[in-house]
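Here's the structure, in structure tokens; my notes come after.
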Amino acid sequence: MTTRRAFLQLSAAAALAAQSDRIAHAADSASPPMHTRPIPSTKEPLPVIGCGTWRTFDAGDDPARRRELADVLRVLFAAGGSVIDSSPMYGSSEAVAGALLAQSHTRDKAFIATKVWTDGREAGIAQMEQSLRLWQTDRIDLMQIHNLLDWRTHLATLREWKAAGKVRYIGVTHYTSSAFPQVEAVLRSERIDFVQINYAANDRDAEARLLPLAAERGVAVIVNQPFGGGSLLASLRNRPLPDVAQDIGCTSWAQLLLKFVLGHPAVTCVIPGTGRREYMIDNAHAGIGAYPDAAMRKRIADALA
């Protein structure tokens, strides 16, 4: 069966080469090609395509894998992207990403988003201090409470860290729609900068309440699992792209699914996870050009049936 990698190599080689050339050229230009959207709490522009690190950056001390991941980050930055999202839950991902940024002297290009994932105030502080060491930085751009674990305790600490300048933004995350009522309760009761949730063309529960609420409350939205946890892309790999893809400049299913997510006005950034340069090139292409309106988004969703 054709894999995503083989499909991209065999069926879209020319398109990917053109994207790579365009991205490399853009790195030398005065302004990056990737679209940005403002973080509501500050209006700081944030590039719309980032990179998730779950599984993909858990490379340990493997030098070959680290070289591949360095290429992923080079493509991300050359395309104008900046968001790298991780967690202590993701094995060695924080340490690997931090080392790659330090070695390439690109910390200033990165928007580091990581998480606290433990119970208790002191344990949370210790874990976040460890994250600072692993990322080799004195400040995290976005610290999130992973899956809302002990969120009341950690939120108080995050506010202290934000006031002290150790983190720039604070937020909460979850990856499953069953937790949306709890996420909604936090959004309604607390002032935070970011919420990270699952959302995809085949996983649209967030549209009913959470995305409108985030917009109403002035909270930036980071989307995880834009490919339906990976299963959606796998199910589409042998299917032709629908006509709507051409209308918005997409040459792959990955680009179309990412543009579906970014077509929602409440979404600030999407973080598909990848550890391969060719996938990062493909994903980054969704950060340029037009986005689908509501009618086009319906056509995309209908094409998955």
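The values are calculated or read from the model by the stated rules, or taken from the named source; none is laboratory data. Since the structure is predicted, the reported quantities are computational estimates derived from the model, not experimental observations. Glycine gets a Cβ as well: all are built from the backbone with ideal geometry, and neighbour counts include every protein chain shown.
Determine, yes or no, whether ALA70 is at pLDDT 95 or above and small (Gly, Ala, Ser). Considered against the rule, which asks whether it is at pLDDT 95 or above and small (Gly, Ala, Ser), ALA70 comes out as yes.
Looking only at the range 171-202, residues that are over 30 Å from LEU233 (Cα atoms) and touching a strand residue (DSSP E or B) at 6+ places or on another chain (Cβ under 6 Å) come to 3 in all. Would you confirm, using the coordinates I've provided, whether VAL183 is within 19 Å of the chain's Cα centre (by Cα), in a helix (DSSP H, G or I) and farther than 16 Å from LEU262 by Cα? Yes: the conditions hold for VAL183. Could you list, in sequence order, all residues of the range 43-87 that are assigned to a loop (DSSP other than H, G, I, E, B), surrounded by fewer than 23 Cβ atoms within 10 Å (Cβ to Cβ) and without any contact (Cβ under 8 Å) to a residue 60 or more places away in the chain? If the condition is that a residue be assigned to a loop (DSSP other than H, G, I, E, B), surrounded by fewer than 23 Cβ atoms within 10 Å (Cβ to Cβ) and without any contact (Cβ under 8 Å) to a residue 60 or more places away in the chain, then LYS43, GLU44, ASP58, GLY60, ASP61, ASP62, SER87 are the ones that fit.
Could you list, in sequence order, the residues of the range 132-146 that are closer than 12 Å to VAL116 by Cα and either part of a strand (DSSP E or B) or out of contact with any Phe, Trp or Tyr (no Cβ under 7 Å at 6 or more places or on another chain) (or both)?
LEU132, ILE140, LEU142, MET143, GLN144, ILE145
All of LEU158, LEU149, LEU134 fail the test of being within 20 Å of ILE192 (Cα to Cα), of a type outside the set (D, E, K, R) and surrounded by fewer than 20 Cβ atoms within 10 Å (Cβ to Cβ), apart from LEU149. Looking across the range 125-173, the residues that are of a type in the set (Val, Ile, Thr) and closer than 21 Å to VAL83 by Cβ come down to THR137, ILE140, ILE145, VAL167, ILE170, VAL172, THR173. VAL96 falls short on exactly one of the conditions (1) over 23 Å from GLY165 (Cα atoms); (2) outside any helix (DSSP H, G or I); (3) in contact with an Asp or Glu (Cβ under 9 Å, 6 or more places away or on another chain), and that condition is (2).
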